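Heads up: the structure comes next, in structure tokens.
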Amino acid sequence: MAESVYKVIELIGTSTESWEKAAAAAVKRAAETLRELRVAEVSQLDMQMKDGKIQSYRAKVKLSFKYEGGK
């Protein structure tokens, strides 16, 4: 089996509906430009608020993908 190297990036997805949709938004956007996504790990959840009401849900997501450096 050949050895592989993976790169990890962090993205923050947002949604006005839920943390799940916020995380999905980050993964969906990453999938548009990155190949071979392997793992998505939600590392932090928070909310933006205004006047005591939730404005949006935010999910910080760590994504790993196969690193093909130099290609």
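The values are calculated or read from the model by the stated rules, or taken from the named source; none is laboratory data. Not measured: the values here are computed from a predicted model. Accessible surface is based on the protein model in full, side chains and every heavy atom, while ligands, DNA and RNA are left aside. Shrake-Rupley method; radii C 1.70, N 1.55, O 1.52, S 1.80 Å.
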Counting only residues 5 or more places away or on other chains, whose amide H sits under 5 Å from the amide H of Y6 once H atoms are built in the peptide plane? Y67
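So, for the chain, what is the accessible surface per residue at a probe of 1.4 Å, expressed in square angstrom? Display every interim value, and only then the final one.
On the way: 5520 Å² over 71 residues.
The answer is 78 Å² per residue.
Below 8 Å between Cα atoms, with a sequence gap of 6+, how large is the relative contact order for the chain in percent? Show your work: numbers first, answer last.
Numbers: 139 pairs, mean separation 30.8, N = 71.
RCO, the chain: 43 percent.
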Using a Gaussian network for the chain with springs between C-alpha atoms less than 10 Å apart, which of these wobbles most: E17, E32, E41? E32
Note, ³J(HN,Hα) from phi for segment 43-59, Karplus 6.51, -1.76, 1.60, rounded to Hz, x at Gly and Pro: 9, 7, 10, 8, 9, 9, 10, 8, 6, x, 10, 5, 9, 7, 9, 10, 10
Given that just one value was derived from the coordinates, which of [x] 4, 17, 23, 19, 13, 10, 6, 4, 2, 1, 0, 0; [y] 3, 13, 20, 16, 19, 14, 9, 5, 0; [z] 3, 11, 10, 11, 11, 16, 16, 10, 7, 4, 1 is P(r) over Cα pairs in 5 Å bins from 0, in percent? [x]
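Using only DSSP helix segments of four residues or longer, with each worth -39500 (n - 2.57), what per-residue ellipticity at 222 nm results for the chain after dividing by its residue count and rounding to 500? Could you put the intermediate results ahead of the total?
Details: 1 runs with 15 residues, N = 71.
Calculated mean residue ellipticity at 222 nm is -7000 deg cm²/dmol.
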Rounded to a whole %, the carbon-and-sulfur portion of the accessible area of the chain at a 1.4 Å probe is 50
